[in-house]
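I have placed the structure first, in the form of structure tokens, so that the comments after it can refer back to it.
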Amino acid sequence: MKVLFLSIVLLFPVSVSAQETIREFVNRQMWFFKQSRLLDIYKSCFQDYMGAEHLVADRQTAKAYLDEELNTTSIDDLMLWYSEPCGYEGNYVRVNILTIKREIISADQLLDAFIRSANAETRHSIESWKDRWHMIIGTIDQMKLDLPNYEKDKQYIDSLLSVGKYAISHSPEYREAYHPHYRIVERSIFEKEIEPLIEEKRPKGVLTIPLMDHVRLPDAGHRP
């Protein structure tokens with residue numbers, strides 16, 4: 001069976017309104033990851049806004065976690081893309097450890113990019129993230145998505161935010177379908193240090209999918 005590996009690119013014109021851009025992101029998410037729940041849409045959005053879930057103070061521990069993932073996964077276990085922008089702004093990029101498995105980049109290169117991304121920026125407050133999520137979920141509600149456990153997931157997210165927390169795991173359905181193993185890298189670091197290596201070493205049959213405003217995906221709320 002021939003396998004195609006995807007590098008998912010996010011390109012949105014600045015003139016597009018926030019609501020339209022959110023809709024485009026949700027359509028993208030549901031087009032490529034049809035087993036997503038609201039939890040997975042939320043996770044991509046908070047990674048876009050907040051970056052990595054915590055600062056990385058101990059490189060050795062971070063390296064040990066990465067090494068464990070590399071040693072306990074095979075290429076067949078991994079999602080079939082090299083990179084994926086987070087959320088609707090793409091401030092951060094998920095870099096799949098498939099890039100290491102296929103010798104696109106080294107483990108040290110990804111680890112360095114991840115640690116610098118996690119430690120470089122002043123983090124947004126939980127309160128500002130709550131405000132942003134309320135805007136996002138308002139748009140998603142209007143899309144009338146037929147997602148499993150939608151109301152339950154909304155309530156869970158609200159309860160988490162109400163006690164000053166925001167980070168969650170992928171849904172069980174998403175983990176089972178896509179086996180996510182990635183690190184979050186700030187977009188400018190990705191574009192300067194990792195993306196050129198992906199483009200340089202991309203084998204034949206590997207696709208780059210531009211998701212621009214004029215390349216419309218079917219609306220997720222009206223898919224058959």
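The values are calculated or read from the model by the stated rules, or taken from the named source; none is laboratory data. What you see is a predicted model, and the numbers here were worked out from it, not measured in a lab. Here the Cβ is made from the backbone with ideal geometry for all residues, glycine too, and neighbour counts use every protein chain on show.
Picking from HIS124, HIS170, HIS181, which residue would you name as being within 16 Å of the chain's Cα centre (by Cα) and either more than 19 Å from LYS34 (Cβ to Cβ) or at pLDDT below 95 (or both)? Write out each step before concluding.
Numbers: HIS124 fails: within 16 Å of the chain's Cα centre (by Cα); HIS170 fails: either more than 19 Å from LYS34 (Cβ to Cβ) or at pLDDT below 95 (or both).
After applying the criteria, what remains is HIS181.
Would you point out which residue out of ASP112, ASP76 is free of Cβ contacts under 8 Å to residues at least 40 places away in the same chain and within 19 Å of the chain's Cα centre (by Cα)? Reasoning before the result, please.
Values: ASP76 fails: within 19 Å of the chain's Cα centre (by Cα).
Just a single option satisfies the conditions, and that option is ASP112.
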Checklist entry - Taking region 59-73, which residues are within 13 Å of ILE100 (Cβ to Cβ) and either in contact with a strand residue (DSSP E or B) (Cβ under 7 Å, 6 or more places away or on another chain) or touching a residue at least 24 places away in the same chain (Cβ under 8 Å) (or both)? => result LYS63, LEU66, ASP67, GLU69, LEU70, THR73
Next on the checklist: Out of everything in region 78-118 that is of a type in the set (D, E, K, R) and more than 21 Å from GLU176 (Cα to Cα), what residue ends up being surrounded by the fewest Cβ atoms within 10 Å (Cβ to Cβ)?
Outcome noted: GLU103
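Looking at TYR49, TYR88, TYR65, which one is outside any helix (DSSP H, G or I) and aromatic (Phe, Trp, Tyr)? Lay out the reasoning, then the answer.
On the way: TYR49 fails: outside any helix (DSSP H, G or I); TYR65 fails: outside any helix (DSSP H, G or I).
Matching residue, one of TYR49, TYR88, TYR65: TYR88.
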Next on the checklist: Please determine whether any residue of region 55-77 is touching a helix residue (DSSP H, G or I) at 6+ places or on another chain (Cβ under 9 Å), aliphatic (A, V, I, L, M), surrounded by 21 or more Cβ atoms within 10 Å (Cβ to Cβ) and at pLDDT below 95.
Outcome noted: no
Checklist entry - How many residues does region 96-150 contain that are in contact with a Lys or Arg (Cβ under 9 Å, 6 or more places away or on another chain), of a type in the set (Lys, Arg) and part of a helix (DSSP H, G or I)? => result 0
